[in-house]
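The values are calculated or read from the model by the stated rules, or taken from the named source; none is laboratory data. This is a predicted model, so every value here is computed, not measured. Note: ideal-geometry Cβ built from the backbone for every residue, glycine included; neighbour counts use all protein chains shown. Keep in mind that these areas ignore ligands, DNA and RNA; they rest on the heavy atoms of the full protein, side chains included. Shrake-Rupley method; radii C 1.70, N 1.55, O 1.52, S 1.80 Å.
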Amino acid sequence: MTWLLGYVDPSDPCFVAAVFTIIFNPLFWNVVARWEQKTRKLSQAMGSPYLACYVLGGVILLLNVLRSYCFTQAMLSQPRMDSLDSPVALLAGLLLLGVGSVLVLSSFFALGFTGTFLGDYFGILKESRVTTFPFSILDNPMYWGSTANYLGWAVVHASPAGLLLTAVVALTYVVAILYEEPFTAEIYRQKASQPDKRS
């Protein structure tokens with residue numbers, strides 16, 4: 001990892017903005033979702049947990065667009081790496097983008113909008129935790145698919161800055177998973193332990 005620093009100017013404003021958005025986004029959605037789960041303020045203000053979840057999801061999508069824009073600008077503002085500027089690397093980058101897109105899109109289709117965008121914090125639960133593809137082959141496939149997309153984008157651009165930023169993305173997601181996973185497991189454990197009201 002240290003050899004990448006020889007190619008990267010971490011003080012570049014575009015790079016700093018990319019790091020900030022990468023770290024800020026999951027921090028924002030976790031803080032807001034936990035606040036909602038404890039207070040139900042968003043649901044009360046909007047008159048519906050579904051509407052509140054849709055609004056938060058929309059904000060998260062916009063923040064992710066901003067993050068991707070900052071990531072790209074950081075790559076474009078920094079030097080390319082000759083050893084990555086080859087047809088083989090380009091093919092590898094495109095393959096990573098393909099795999100990442102499959103993981104992200106299939107995760108979204110498996111979870112739905114509210115499942116993707118923290119509906120469980122709003123009290124919007126599925127019958128049970130999703131275990132179909134891609135969850136059947138990988139835990140947190142949306143996070144790892146997103147990481148693969150950023151890695152593929154960095155390789156396509158032969159960008160050392162992009163590789164370093166992808167490492168920040170991966171580390172940030174690891175922290176987010178450590179924070180989110182116990183909560184999700186607990187709410188579905190509680191749901192499973194409750195008697196079936198239909199019986």
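Note the listed values (i) 65, 34, 25; (ii) 69, 60, 33; (iii) 46, 35, 30, then indicate which one is Cα extents along the principal axes in Å calculated from this particular structure. Only one option fits the structure, namely (i).
What's the local net charge at residue 42, with K and R +1, D and E -1, over the other residues with C-beta under 12 Å away? All intermediate terms of the calculation are to be shown ahead of the outcome.
Values: positive: 34, 38, 40, 41; negative: 36.
Once positives and negatives cancel, what remains is +3.
With the Kirkwood sum run over all distinct C-alpha pairs, the stretch 134-199 has a hydrodynamic radius of 14.1 Å.
Grab the DSSP H runs of the chain that are 4 residues or longer, score each as -39,500 (n - 2.57), total them, divide by all residues and round the 222 nm result to the nearest 500 deg cm²/dmol. It would help to have the intermediate numbers written out before the result.
Numbers: 7 runs with 145 residues, N = 199.
Dividing the helical sum by the residues of the chain leaves -25000 deg cm²/dmol.
With θ taken as phi - 60° and the Karplus curve 6.51 cos²θ - 1.76 cosθ + 1.60 applied, the whole-hertz 3J(HN,Hα) list for the stretch 183-190 is 5, 4, 4, 5, 5, 6, 5, 5 Hz, x standing for glycine and proline.
Couplings 3J(HN,Hα) for the stretch 41-49, derived from phi with the Karplus relation 6.51 cos²θ - 1.76 cosθ + 1.60 (θ = phi - 60°), are 5, 5, 4, 5, 5, 9, x, 6, x Hz, where x marks Gly and Pro. Selection among 160, 121, 99 by position relative to the dipole of the chain gives 121 as farthest towards the positive end (Cβ unit charges, Cα centre). The separation of the stretch 89-108 from the stretch 140-199, counted between C-alpha centres, amounts to 15 Å. In the stretch 9-193, a dipole from Cβ-located charges (positive for Lys and Arg, negative for Asp and Glu) runs towards its positive end, and of 66, 43, 10 it is 43 whose Cα lies farthest in that direction.
On the accessible surface of the stretch 9-193, probed at 1.4 Å, how many percent belong to carbon and sulfur atoms? The nonpolar share, carbon plus sulfur, comes to 71 percent.
Each residue of the stretch 126-143 was assigned a 3J(HN,Hα) from its phi angle through the Karplus curve 6.51 cos²θ - 1.76 cosθ + 1.60 (θ = phi - 60°); the sequence is 7, 4, 7, 4, 6, 10, 6, 4, x, 5, 6, 10, 7, 6, 6, x, 5, 5 Hz, with glycine and proline shown as x. For the charge dipole of the stretch 9-193, defined by +1 on Lys and Arg C-beta atoms and -1 on Asp and Glu C-beta atoms about the Cα centroid, which residue among 57, 87, 146 has the Cα displaced farthest towards the positive pole? Projecting each Cα onto the dipole axis, the largest value belongs to 57. With all pairs of separate Cα atoms included, the stretch 87-199 yields a Kirkwood hydrodynamic radius of 15.6 Å. Charge dipole (Cα centre; +1 on Lys/Arg Cβ, -1 on Asp/Glu Cβ; no other charges) of the stretch 9-193 amounts to roughly 620 debye.
The residues of the chain expose on average 55 square angstrom of accessible surface per residue, using a 1.4 Å probe on protein heavy atoms.
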